[in-house]
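Notes follow the structure.
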Amino acid sequence: MDINLNKIKSLRKRSGMTQEQLAERIGVSRQAIAKWECGDSVPDLHSCVALARTFGTTVDALICSYDDEDGAGDGKHVFGIARVNDKGQITLPVQCRKTFGIEPGDLILVLGDENKGIAMVKMGKDDVE
């Protein structure tokens, strides 16, 4: 795993934001965004958190690059970390929802193995109202 800030530009473009809009949203200058995107400098921790929140991802997913040794290209993904709220709910990272086509109203089957962990399977739309 390597530190890789090249994702900032692609996430910004995917979100339809200019450097100026992103800079305003997270409270830095447009020049700072430009320097991060070309690798001349790196954002501080506060800015990394703000970027991750803006793009609906985690700091880990924002800055880490998982190479072929980590399973890239084999259909396996590391989307980052989701926090469980006080109601027991989680928000799946945006890239996870996009990759698997998960939309509001979809049913998710949650499976568990006390030795291996939890898994989720997309089941489709809830046709029962």
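Okay, here's what the table says:
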| read-out | value |
| --- | --- |
| Calculated FRET efficiency for the pair Lys122/Val49, C-beta based, R₀ 30 Å, to 0.05 | 0.55 |
| Rounded D (µm²/s) - the chain, Kirkwood Rh over Cα pairs, Stokes-Einstein at 10 °C, 1.306 mPa s | 95 |
| Order by protection proxy (mean Cβ within 10 Å, highest first), peptides 7-15, 110-118 | 7-15, 110-118 |
| Size of charge dipole - the stretch 82-129 - debye, nearest 20, with Cβ of Lys, Arg +1 and Asp, Glu -1, no other charges | 300 |
| FRET efficiency, Lys9 to Lys87 (Cβ-Cβ, R0 35 Å, nearest 0.05) | 0.50 |
| Mean residue ellipticity (222 nm) of the chain, computed from DSSP H runs ≥ 4 via -39,500 (n - 2.57), nearest 500 | -10000 deg cm²/dmol |
| Cross-link reach list, lysines versus Lys13, counting only Cα pairs under 21 Å and skipping chain neighbours closer than eight places | Lys35, Lys98 |
| Förster-model FRET efficiency, 30 Å R0, Ala34 and Cys64, C-beta, rounded to 0.05 | 0.85 |
| Relative contact order (%) - the chain, alpha-carbon pairs under 8 angstrom, separation at least six | 19 |
| Charge dipole of the chain about the Cα centre (unit charges at C-beta), most positive-ward option of Cys96, Thr57, Pro43 | Pro43 |
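Each reported figure results from applying straightforward, stated rules to the coordinates on display, with no laboratory input. Owing to the predicted nature of the structure, the values given are computational and were not obtained by experimental measurement. With ideal geometry, Cβ positions are generated from the backbone for all residues, glycine too; neighbour counts draw on all protein chains shown.
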